[in-house]
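Structure, as structure tokens:
The values are calculated or read from the model by the stated rules, or taken from the named source; none is laboratory data. A quick note: this is a predicted structure, and the numbers were derived from the prediction, not measured. Reconstructed Cβ throughout: ideal geometry from the backbone, glycine too, with neighbour counts over all protein chains shown. The area values use the complete protein model at the heavy-atom level, side chains included, leaving out ligands, DNA and RNA. Shrake-Rupley method; radii C 1.70, N 1.55, O 1.52, S 1.80 Å.
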Amino acid sequence: WTLQDDAEVKAVLRDLQGTPSAQPVALQQKRLPDEPPKARLIEPPEYAMATPAATLRVAGQAEDDFGLARLDWVRTVAGFNDRALTLNSGAIGARTEFEKTVDLGALGVQPGQTLEFYLEALDNNPSLPGVGASGVSHVKVISEDEYAEMLRNRETLDDFLERFEAASK
């Protein structure tokens, strides 16, 4: 039967000779609400930087209490339309994971652009499908010169910190 609300079922059990049980057996049925899927993008982090020649690792997972029907990876360059790629569909199960690498050089990205990624999961509830989405990861594309400058500044700061600690001792 299809359970519409919480219910209690009572049954009187009889032994082989037809003698009823002293008390009816009561079974409680609790209807669990269907929660929307939970999607999580693990890599890249919420805010990251990359050079145009970098290779990004993109990884995520999704889960649903009654099972997933589809997992989409949505990606875009800020200011342009989102593009969804279906990673998995059909009888996925209650949990799924994925991992991809993205060669930014092959995509032709330019310094100054911001790439955005997120996951979208659809559950398999036939009467009211739920959709869950991960947070958005923003990847700022920086030039090789900007990256080299960041490394120099970091190294200079590390050197300064070492000298400052030595002088303070």
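The table for this structure:
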quantity	calculated
Within segment 88-111, tally of residues that are open to solvent by 50 Å² or more (accessible area, probe 1.4 Å) and without any contact (Cβ under 8 Å) to a residue 40 or more places away in the chain	8
Selected residue (only one of 11, 39, 62, 53 is farther than 15 Å from residue 131 by Cα, of a type in the set (Gly, Ala, Ser) and open to solvent by less than 50 Å² (accessible area, probe 1.4 Å))	11
Residue 26 closer than 28 Å to residue 130 by Cα and part of a strand (DSSP E or B)	no
Lone qualifier among 65, 159, 145 - being among the charged types (D, E, K, R), under 26 Å from residue 35 (Cα atoms) and over 13 Å from the mean Cα position of the chain (by Cα)	65
